[in-house]
1. Can you tell me which residue in segment 16-26 is nearest to the chain's Cα centre (by Cα), limited to those that are farther than 19 Å from residue 4 by Cα and either of a type in the set (Asp, Glu) or assigned to a helix (DSSP H, G or I) (or both)?
2. Tell me yes or no: at least one residue of segment 56-64 is of a type in the set (Val, Ile, Thr), at pLDDT below 95 and either assigned by TED's automatic domain parsing to the domain that holds residue 98 or more than 30 Å from residue 97 (Cα to Cα) (or both).
3. What's the total number of residues in segment 16-47 that are basic (Lys, Arg) and under 17 Å from residue 85 (Cα atoms)?
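The values are calculated or read from the model by the stated rules, or taken from the named source; none is laboratory data. Everything numeric here is computed off the predicted structure, so don't read it as measured data.
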Amino acid sequence: MKERKEINVQMGGRVRLARQTAGFTQEKLAEMVDVSVQFISDFERGVVGISIPRLVGICKALCVSSDYILTGKTESNDTSAVMDRLSHLSAEQYKIVESGINVILEAFATPAGK
């Protein structure tokens, strides 16, 4: 069994979380970045490292920054990843998301207890 490096374990865990948040299976992510499912599995478990081109591909597919994957740091209210995901929706899907966002924002604007 290969020895796991702590940095690979941490990065793999962040990729797993981002993949699950995006609603992708390992199979879907592997297809999107043109790697094997085994590679995604091994990377998420920290068994293997990753090249820069593969890291870029994973970041693009998951709409996350390389800073997040490498260090876990995120910019507060960084909307670029959300905007990128929204840009891939159909017009009908976009309207549904927009409606949902409006409901949430209205709920935040309503004083508690009313």
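1. Initially, segment 16-26 is screened for residues farther than 19 Å from residue 4 by Cα, giving 18-26.
After this cut, where a residue has to be either of a type in the set (Asp, Glu) or assigned to a helix (DSSP H, G or I) (or both) as well, the list is 18-22, 26.
Values: 18: 3, 19: 5, 20: 7, 21: 6, 22: 5, 26: 12 Å.
It comes out as 18.
2. No; the residues of segment 56-64 include none that is of a type in the set (Val, Ile, Thr), at pLDDT below 95 and either assigned by TED's automatic domain parsing to the domain that holds residue 98 or more than 30 Å from residue 97 (Cα to Cα) (or both).
3. Kept after step one, since they are basic (Lys, Arg), are these residues of segment 16-47: 16, 19, 28, 45.
Filter once more, so that each one left must be under 17 Å from residue 85 (Cα atoms): 19, 28.
Final tally of qualifying residues: 2.
Yes or no, residue by residue, for (1) of a type in the set (Val, Ile, Thr); (2) modelled with pLDDT under 95; (3) within 17 Å of the chain's Cα centre (by Cα):
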{"site": "1", "(1), (2), (3)": "no, yes, no"}
{"site": "5", "(1), (2), (3)": "no, yes, no"}
{"site": "28", "(1), (2), (3)": "no, no, yes"}
{"site": "36", "(1), (2), (3)": "no, no, no"}
{"site": "41", "(1), (2), (3)": "no, no, yes"}
